[in-house]
Each structure stands twice: as C-alpha cells, then as structure tokens.
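Read the structure below first, then the notes.
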Amino acid sequence: MATATRAPAANPARSGRPSVGRVALYGFLVLLAAIFILPMLWALSASFKERSDIFQYPPKLLPSPATFVNYVHLIQQQPFVSWFYTTLIVAVASTAVAVLVCSLAGFAFAKYRFRGKGTLFDIMFSSLAVPYAVVVLPLFVVLTKTGLTEPFFAMIVPWVAPAFGIFMMRQYIEQTVPDEIIEAGRIDGCTEFGIFLRLVLPLLRPALGALAVWNFLNSYNTFLWPLIVVSDPHRYTLALGLATVYGAQSHQVDLVLAGSVLAAIPSLVVFIMLRKQLLDGLTAGSVKN
C-alpha cells in the first residue's frame, strides 16, 4: 500500500515572495530614508528659488524658474570664499593631526606596558562624559594665557587628540594587530616607530578611514568654538558665517540655503571617498571567526 508523501512547505525566501516582516522592514527603511532625504532635497531646490518663492504654499519641489541669483549674491555680498577656505584648512589639518596622534596613542595603550597606564586611560576615557561646552571656556583661558590664540591654530587645537578617537584606535589595534608582528619587527631590528609606521599602520586603514570621516565632520561643522576664538568676520568658519547671515542681516534664508548646499559638498566628497573604510572600521570586531 503506497503511502502519500506531504509536499514540503514553500519557503517565502526561496519562492521569491518576500515575507510580511521583510516588507514591513523595507517600508520602514524607505520611510526613514525619506525623512532624512526630503529636507535636503527641499533645501537644494529652495536654493535655486527667489526669496519670495521659498515658502510658497502649496510648496513645489522643483524651482520654476530656477535661478542662480542666491549663489551669486552669496559670493558677492559675503566673504563666503574666505569662510570656505578657513573651514577646509581647519578640518583637513585637524583631521590629519588627529589621525596620527590617535593612532600613536591607541597603539601605546594597546601594546605597551608602563606605569600608570590604566589610570591614564581611565582619565582619558572618562573625559567623554564631560560635555564639550564645559571645557570651552577653560580651554580658551589656557590658550589666552599662553598666547596661542591665532585663529587657525586655536580652531585646530580641540580636534587634534579626541578621546573617542584614541579609544577607537586602541580597541581596533587590540583586535586586529597580533603581538607576533611587533615581536618580529623587533627581531628584524626595527625601531618602535618603524614598527608602527611599517607594520602596524597599514593594518589600520579601515579604522583610520572611520576616524578621519568622524573627525572631519566634527571639525568642519563646529560652531561654538569658532564663535569664541574668532573675532574677524573674514576668518569665520562656514557654520559661524552662515549663522551671522541669517541672524544679523534680516534673515536672508535664500543666501543661507545656497551656502548650506555649497558647504555640504566637501562632507559628501569625504564620505564617498572613505565610505568603504568607514563601514569596515565601524563593523570591525562585530563578527568573530
């Protein structure tokens, strides 16, 4: 007597039909993406509109007609080029120094033993719990007393050794750099700095990329510190300069929108160039072999 065999239940993933949970997840992600993207699209569109058309109702996503007058007025009426130059120099210089300092400090905390190492690391790590606004005035007083208030130097100082960057590099080095590589370098006669430069640093590219993006965006978009240390309007950063355009000159929102679009370009370029290193650095250690 033949026995009937039951056909296996169809797997939604194999049959090509997405499950209800997957559809709900995709719908939520699309909604979340729209929440972040639509304001940026509106700002981009409004930067090509005249001031009287920006807040028209009902709103129109596409400018009709499109005009470049906001960008022309921004460059002609404001020292925007100086703001852009200052901001870019500060962000690039502080990021380059921070990448070197944080990688060296993280390497020391991860691979060397010295007296007071734990206490020093705890003090450094606990500084992450201190709000940035709390240390702004003491830092400004220190720079004033030592005569180091030159705008470019003063704006770079707070970003050259961030505690988060040191902590991130220390964790990454502990997970990815084996002690055998360091010992092999010492046996071959390399100096300690040579070991770091030739053997360790090439292994840190994902973490360095993530740290570079994080530090660049923070120093590029900072507002409070330049507000305190810079008095010359031509030495303002973009964030500070655009704030003065909106707050002190009849709320010229059309110029602010044009400036915001131009100011976003370097951040997007840096993210696109280092996106692979950023994702690799942020996910390092999340998967165990």
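Each value in this text was obtained by applying a stated rule to the coordinates, not by laboratory testing. Owing to the predicted nature of the structure, the values given are computational and were not obtained by experimental measurement. Heads up, the Cβs are rebuilt from the backbone with ideal geometry, glycines too, and the neighbour counts pull from every protein chain shown.
Determine Rg/Rh for segment 14-170; Rg is computed over alpha-carbon atoms and Rh is the Kirkwood hydrodynamic estimate from the same atoms.
With Rh from the inverse mean 1/r over Cα pairs, Rg/Rh is 1.15.
Provide Glu174, Glu180 in ascending order of the number of other Cβ atoms located within 10 Å of each residue's Cβ, fewest first.
By the 10 Å Cβ count, ascending: Glu180, Glu174.
Kindly provide the pair-distance distribution of segment 20-67 built from C-alpha pairs, with 5 Å bins from 0 and whole-percent values in order of increasing distance.
5, 21, 21, 15, 11, 10, 8, 6, 3, 1
For the chain, return all DSSP H helices satisfying: extent of Cα atoms along own axis at least 18 Å; mean Kyte-Doolittle hydropathy at least -0.5.
Passing helices, by number: 20-46, 80-111, 132-145, 163-176, 205-221, 253-283.
Take the chain, connect every pair of alpha-carbon atoms lying under 10 Å apart with a spring to form a Gaussian network, then pick out the residue of Phe167, Phe223, Phe68 with the largest mean-square fluctuation.
Residue with maximal mean-square fluctuation among Phe167, Phe223, Phe68: Phe68.
State the three equivalent ellipsoid semi-axes of segment 40-105, derived from the C-alpha gyration tensor as the square roots of 5 times its eigenvalues, in descending order and whole Å.
The answer is 37, 16, 7 Å, longest axis first.
Quick one: plug the Kirkwood hydrodynamic radius of the chain (C-alpha pairs) into Stokes-Einstein at 4 °C, 1.567 mPa s, and report D in µm²/s.
For the chosen part, D equals 56 µm²/s.
Can you tell which of Arg170, Arg115, Arg275 shows the greatest fluctuation in a Gaussian network model of the chain with Cα springs below 10 Å?
For the chain, modelled as a Gaussian network with Cα springs under 10 Å, the answer is Arg115.
Which of these, Ala263, Ala243, Ala207, has the largest mean-square fluctuation under a Gaussian network model of the chain (Cα springs below 10 Å)?
Ala243
Cα centroids of segment 196-265 and segment 96-118: how far apart, whole angstrom?
With segment 196-265 and segment 96-118 each reduced to a Cα centre, they are spaced 26 Å.
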